[in-house]
Amino acid sequence: MVDTIAALRVLLGPGAPWQRVWRGRHVEAFRRMLAGRPVVRALLPASFQPRWTADFLTVAPASPEPTFAAELAAVGRLSDERIRADLRATRPEPLAAELLADGLTGQVVELLDWVWTHTVEPEWPERERRLRADIVARTTALSAGGWAGVFADLNRNVRWLGDGRLQVNDYPELPLSLDEAEQLVFLPAHCRRGWVVWDKPTRFGMVYPVRGILVDPTSPAPDGLARLIGANRANILARLDTPLSTSQLVAVTGLSLGTVSDHLRVLLDAGAVGKRRSGREVLYWRTPLGVALAAGG
């Protein structure tokens, strides 16, 4: 769901350069969909404000492995009046007349389902691999440097203050106590900037930009490394600055699955890469030895 909300944000307006390219592939179909939906056209500007997003779009997931269908069903169980209350909380002016009719929740569900089905789901296998790779990388950072290491580059305003305090933005609102929280989750997404999610008082979370949104398939490995361990092995090692799966390496190197697997086995045996399972994938990344080799040192 957070990737669907991130996609919806991009469709509403261009952001970073990589987002503009993606938006260009989908925005005309999005506009055609909106042309026949006056309620949705009124809903969107009321849902997204510069410093706030309506709460019905930022519900924390109820399980560690949520499906889109389950998260969409959770939105579908909200009442029309709950949707309107969340919209009123984001803006001082009265709601548009289109938003006062019955069936508002159904319009929200149909909008989110359209964005998922037409723009996110076709790319989901690659998106999911990238998201899982980020989780492995953050887990490694947590093991090495604690929470301060995780938050060092999570998002612009996010920082661990110590003494059980996490700063997530620089807004002037009073601090939020999580004394009753049963769950605090961190969710990577294909977004430019993150946001908070919650289902008060027990579930809270943060969405943050995933690493590796852009993968440059042409970036070369150092010449010396290629002479030392071979061009293909050097090419693979050069890609592993963030964790990648075997299938991702196949995609970015152009090598066959068998070739990539053979080279990874050699790099593992040499101690240049490590591996860890994440869901259905096994992800690989550079060890300190691999980092030194890839740096050309």
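Every number in this text was worked out from the coordinates using simple rules, so none of it is lab data. Values in this document were obtained by computation on a predicted structure and should not be read as measured data. Cβ coordinates were reconstructed from backbone atoms using ideal geometry, including for glycine residues, and neighbour counts include every protein chain displayed.
What shape does the stretch 115-157 take by its C-alpha gyration tensor, where a ≥ b ≥ c are the square roots of the eigenvalues and a/c under 1.5 counts as rounded, a/b above b/c as prolate, and the rest as oblate? Intermediate values should be presented prior to the final figure.
On the way: a/c = 5.55, a/b = 2.25, b/c = 2.47.
Oblate, because a/c is 1.5 or more while a/b does not exceed b/c.
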Taking amide hydrogens as modeled 1.01 Å from N in the peptide plane, which residues meet the under 5 Å criterion relative to Val282, leaving out close sequence neighbours?
Thr246
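Quick check on the chain: helices-only [θ] at 222 nm, where DSSP H runs of length 4 and up contribute -39,500 (n - 2.57) each and the sum goes over total residues. Nearest 500, please.
-15000 deg cm²/dmol
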Size of electric dipole in the stretch 119-277: Cβ of Lys, Arg +1 and of Asp, Glu -1, about Cα centre, debye, nearest 20
380
To test your reading of the geometry: what angle, between 0 and 90 degrees and rounded to tens, separates the Cα axis of helix 80-90 from the longest principal axis of the chain?
70
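Could you work out the local net charge near Asp179, counting Lys and Arg as +1, Asp and Glu as -1, over the other residues with Cβ closer than 15 Å to its Cβ? If you can, show how the numbers build up before the last one.
Details: positive: Arg165, Lys200, Arg203; negative: Asp163, Glu180, Glu182.
With Lys, Arg at +1 and Asp, Glu at -1, the neighbours total 0.
Provide the percentage of antiparallel DSSP beta bridges, counting only those with both residues in the chain; round to the nearest 5.
Numbers: 18 of 25 bridges.
Restricted to the chain, the bridges split so that about 70 percent are antiparallel.
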Putting +1 on Lys and Arg Cβ atoms and -1 on Asp and Glu Cβ atoms, find which of Val75, Ser261, Asn169 reaches farthest to the positive end of the dipole of the chain.
Ser261
Relative to the longest principal axis of the C-alpha atoms of the chain, give the angle of the C-alpha long axis of helix 2-12, reported between 0 and 90° and rounded to the nearest 10°.
70
Where the centre of each part is set by its Cα atoms, how far does the stretch 239-297 sit from the stretch 73-134, in angstrom?
38
So, counting K/R as plus one and D/E as minus one, what does the shell of residues with Cβ under 14 Å around Asn169 add up to?
+3
Val273's amide H: which non-local residues (gap 5+, or another chain) put their own amide H closer than 5 Å, with H modeled 1.01 Å from N in plane and none for Pro or chain starts?
Leu268, Thr287
Using θ = phi - 60° and the Karplus form 6.51 cos²θ - 1.76 cosθ + 1.60, what ³J(HN,Hα) does each residue of the stretch 255-261 get, whole Hz, x for Gly and Pro?
7, 6, 4, x, 5, 4, 4
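First check a/c for the stretch 3-103, with a ≥ b ≥ c the square roots of the eigenvalues of its C-alpha gyration tensor; if it is under 1.5, answer rounded, and if not, answer prolate when a/b is larger than b/c or oblate otherwise. Please report the intermediate quantities before stating the final value.
Values: a/c = 1.59, a/b = 1.15, b/c = 1.39.
The shape class here is oblate.
Give me the percent relative contact order of the chain, please, defined on Cα pairs under 8 angstrom at least 6 residues apart. Spell out each step's value before the answer.
Details: 352 pairs, mean separation 47.0, N = 297.
Averaging sequence separation for qualifying contacts and normalising by length gives 16 percent for the chain.
Are there any trypsin sites (Lys or Arg not before Pro) in the stretch 41-113 that are in a DSSP loop and have at most 11 other Cβ atoms within 10 Å? List them by number. Don't jump to the answer; show the numbers that get you there.
Details: sites: Arg41, Arg51, Arg77, Arg82, Arg84, Arg88; in loops: Arg51, Arg77.
When the trypsin sites (Lys or Arg not before Pro) of the stretch 41-113 are filtered for loop state and at most 11 Cβ neighbours within 10 Å, Arg51, Arg77 remain.
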Quick one: what are the phi-derived ³J(HN,Hα) couplings along the stretch 47-55, Karplus 6.51/-1.76/1.60 with θ = phi - 60°, whole Hz, x for glycine and proline?
8, 10, 10, x, 10, 7, 10, 3, 4
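What dipole magnitude, in Debye to the nearest 20, does the stretch 223-294 give about its Cα centre under +1 on Lys/Arg Cβ and -1 on Asp/Glu Cβ?
Working: 9 positive and 5 negative charges, 38 e Å.
That gives a dipole near 180 debye.
Grab the other residues whose beta carbon is less than 11 angstrom from that of Arg9, score K and R as +1, D and E as -1, and report the net. List each step's numbers first, then the result.
Working: positive: Arg23, Arg192, Arg193; negative: Asp3.
Surrounding charge for Arg9 is +2.
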Once phi is turned into ³J(HN,Hα) by the Karplus curve 6.51 cos²θ - 1.76 cosθ + 1.60 with θ = phi - 60°, what whole-Hz value does each residue of the stretch 238-249 show in order, with x for glycine and proline?
5, 7, 8, 5, 10, x, 9, 8, 4, 5, 5, 5
